[in-house]
Amino acid sequence: MAFYSQVADDRFESTENTRGPWDAGSQHAGPPAALLGRAVEHLAEKLGRGDMRIARLTFDIARPVPIAPLTVTSAVRREGRSVVVIEAAIEPHMRCSALLIRTLDDAAPAIAEPPPSFEEAVAKPFFAIRDSVGYHTSMEVRFLHGGFTERGPATCWMRPRIPLVEGEQFSPLGRVLVAADSGNGVSNVLDIREHVFVNPDLTVHLFRYPIGDWVCLQANTSIASDGIGLADTALYDGRGRIGRGVQSLFVNPRQPQ
């Protein structure tokens, strides 16, 4: 059991574990974001630049990713001494631009905020949806503050219950990306029965990769009256702050079914 099975070098079969809450035939954006991050990591390895680390990934979500066979492409767009840019895509649904920055041991003292409590976090129910299997059953979530069915800011710890690709272990980057797109969901400020609030993009900044299985999202959502919103999420692991995720939001009244 996994989010995907690999059927060729660039071809993947999607499983029902990727299913999101908005449509039974579409994926939550977390798994395909992690799949594109995997493609970026693999191409970066081929460059032989062990001194480079991914510091920023921007995902443009042109349309929902279907639960279907997917082709993943990747290419180097710019390579310099200190910066590399790699693009990856699942056309015509989702594209990723990744910025890699050169690292140097002991370049500066490590400075970061301590993490929110993990020991006090508890499991809480997901939105009421009709599908029994999907992203909501494939991720383990423990809330310190807020909840899926509560409105307002939230702090939660997340980890995948299954591999990203069958037969492989999640990379540290993948564990962040499969969770980061949930910032909008956990900090929702509107009733899912009355409004659609989906993100057409996601940007993740990381100054280091997570250590351990769990990633913490400390998320807050703001919305303007004309239907544009922002979900802003601080990211942590068990040792402290690791980065930030930001999502633009399209917000509209839900159409009667």
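Annotations for the structure displayed:
- Whole-Hz couplings from phi, Karplus 6.51/-1.76/1.60, listed for the range 51-64; x for Gly and Pro: 8, 9, 9, 6, 10, 8, 10, 10, 10, 9, 9, 6, 7, x
- Reported value for the range 204-257: 98 Å³ per residue, from the convex hull of its C-alpha atoms.
- The three principal axes of the Cα atoms in the range 165-257 give end-to-end lengths of 42, 29, 18 Å, sorted in falling order.
- Note: relative contact order over the chain, using C-alpha pairs below 8 Å and six or more positions apart, is 20 percent.
- Karplus 3J(HN,Hα) series, Hz, for the range 175-186 with 6.51 cos²θ - 1.76 cosθ + 1.60 (x for Gly, Pro): 5, 5, 5, 5, 9, 4, 5, 7, x, 4, x, 6
- Divided by 2.2 N^0.38 Å, where N counts the residues, the Cα radius of gyration of the range 79-131 comes to 2.01.
- Using a Gaussian network model of the chain in which every pair of alpha carbons under 10 angstrom is joined by a spring, one finds that among Gln169, Gln218, Gln247 the greatest mean-square fluctuation is at Gln169.
- As a calculated quantity, the FRET efficiency between Phe207 and Ser248 at R0 = 30 Å, using C-beta atoms, amounts to about 0.85.
- For the chain, the fraction of C-alpha pairs more than 32 angstrom apart is 18%.
- Neighbours of Arg254 by Cβ distance under 13 Å: Lys/Arg scored +1, Asp/Glu scored -1, total -2.
Taken together, the values in this text are just the output of simple stated rules run on the coordinates, not laboratory data. Quick caveat, the model's predicted, so the values are computed rather than measured. Virtual Cβ from ideal backbone geometry, glycine too; neighbours counted across all protein chains shown.
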